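Worksheet for the structure shown next.
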Amino acid sequence: MAAGSTPAPGSNFEVNLANTKTGKTKGRKIGRNKTFCENYKRTKRREHNKGRRLVKYLRKHPQDLVARKALRKISGIVPGFNHFLTELQAA
């Protein structure tokens, strides 16, 4: 194969390219040496922490509709708060 020429479709070279880090969705580089996956994890962690704080608050103030709505929004992003929301509705 001459330098600079593209490999034939289906060649081993192309297959190897598909297995590199750039080919995977969660490892995309998005600037400042951060990958998509790292930022995604951080967002999830922040949302989960926010949800835990809201649950703590809602145990004392179960009638606060704004806090309930916020928790409902978070439970769409991070799993694990639906059980508490159903408890609130039952009360």
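What follows is calculated from the coordinates using simple rules that are stated; it is not laboratory data. Please read these numbers as outputs of a predicted model, since none were measured by experiment. Glycine gets a Cβ as well: all are built from the backbone with ideal geometry, and neighbour counts include every protein chain shown.
Couple of notes before you dig in:
- Given (1) in contact with a Lys or Arg (Cβ under 9 Å, 6 or more places away or on another chain); (2) without any contact (Cβ under 8 Å) to a residue 12 or more places away in the chain, index of the condition Leu58 fails: (2)
- Residues that are β-branched (Val, Ile, Thr), assigned to a helix (DSSP H, G or I) and under 14 Å from Val55 (Cβ atoms) within segment 66-89 comprise Ile74, Thr86, listed in sequence order.
- Within segment 61-71, tally of residues that are among the hydrophobic types (A, V, I, L, M, F, W, C) and in contact (Cβ under 8 Å) with a residue 24 or more places away in the chain: 0
- Subset of segment 54-68 (residues that are closer than 18 Å to Ala90 by Cβ, loosely packed, with under 12 Cβ neighbours inside 10 Å and not aliphatic (A, V, I, L, M)): Arg59, Lys60, His61, Gln63
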